[in-house]
Amino acid sequence: MTSGAAPGTAPAAGATLRWLGHATVVLDVGGARLLTDPLLRPHAGLLRRRAPAPRAADWAGPSAVLVSHLHHDHAELGSLRLLPGVPVLAAGANAHWLAHQGLDAVGLGPEEWWTVPGTDVRVRLVPAVHGHRPMPHRPNAAHGFLVVAPGLRVWFAGDTAPYPQMRRLPELAGGPLDVALVPVGGWGPRLSGGHMDPVQAAEVCEQVGARWAVPVHWGTLHAPASRRLPPGWMDRAGPAFARALDRGARARPLLLAPGQAVRLGEAEGLSGLV
């Protein structure tokens, strides 16, 4: 994989990215294991996985958890409670609420960098636009994250609609983005506000100049009434995103199945799939 590091900096050696379905990604880089929006159980409220829950071996032992917002499919308390003692990074108001649920929450300010202890891996919040369905019983702050490690820069978008300031993400990261983790669908065939469809997500990856893009937030969850929905809808968003990128964006798609991983230093031609 071509690195976004500064000249003379080697690519992140041995970095691995594993998608566990929906918005849950395990990023192993620089001696740290980061886990995004963990959904580790078979359900999130009424929503159900169509496949078994992720294997514990694939997500155990994270250094920190990144929670983009508090919707039930992104801040599933049963899953978070499977990770006792792990720092849960979130926006300030969200972290305050998570702490009241017994979690080791760490609130981040808008421009604050947090360093994974004992490593050179840094994390910060970035904006997201996702206020279409506010919750009356949880705070509604929504953010994405930047993860910067020696030789690697990753953007986890959380849930968001496109917004003009996305173009500044490389500046905030200190250089070009290597990987974008972008939502491309939902848990139904129609998206509500505050989301991106596959074409919008591909356009955003072009705007931010990402070298590689992993579609997330698709093909995983369904509502109980999904049997009455169009057949095959769960399988469309990821491939549609890959096709949109192939029509000319600089970013190349990494289309993973739930549980599948890629070694980021070997991603050319998808030779690093594990």
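The values are calculated or read from the model by the stated rules, or taken from the named source; none is laboratory data. Everything numeric in this text was worked out from a predicted model, so none of it was measured. Backbone-built Cβ (ideal geometry, glycine too); neighbour counts: all protein chains shown. Ligands, DNA and RNA are excluded from the accessible area calculation, which covers all protein heavy atoms including side chains. Shrake-Rupley method; radii C 1.70, N 1.55, O 1.52, S 1.80 Å.
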Does residue 139 satisfy the criteria of being in a loop (DSSP other than H, G, I, E, B), surrounded by fewer than 17 Cβ atoms within 10 Å (Cβ to Cβ) and not acidic (Asp, Glu)?
no
Any residue at all in segment 156-174 that is of a type in the set (Lys, Arg), touching a residue at least 24 places away in the same chain (Cβ under 8 Å), part of a loop (DSSP other than H, G, I, E, B) and farther than 30 Å from residue 14 by Cβ?
no
Out of everything in segment 247-266 that is farther than 21 Å from residue 217 by Cα and open to solvent by less than 70 Å² (accessible area, probe 1.4 Å), what residue ends up being modelled with the lowest pLDDT?
248
Of residues in segment 213-246 being part of a strand (DSSP E or B) and at pLDDT below 95, the one nearest to the chain's Cα centre (by Cα)
221
So how many residues does segment 100-118 have that are in contact (Cβ under 8 Å) with a residue 12 or more places away in the chain and under 13 Å from residue 87 (Cβ atoms)?
10
Residue that is least open to solvent (accessible area, probe 1.4 Å) [pool: residues in segment 51-91 that are under 16 Å from residue 103 (Cβ atoms) and charged (D, E, K, R)]:
76
Quickly run through segment 109-128 and pick out the residues that are at pLDDT 95 or above, in a loop (DSSP other than H, G, I, E, B) and open to solvent by 70 Å² or more (accessible area, probe 1.4 Å).
112, 117, 118, 120
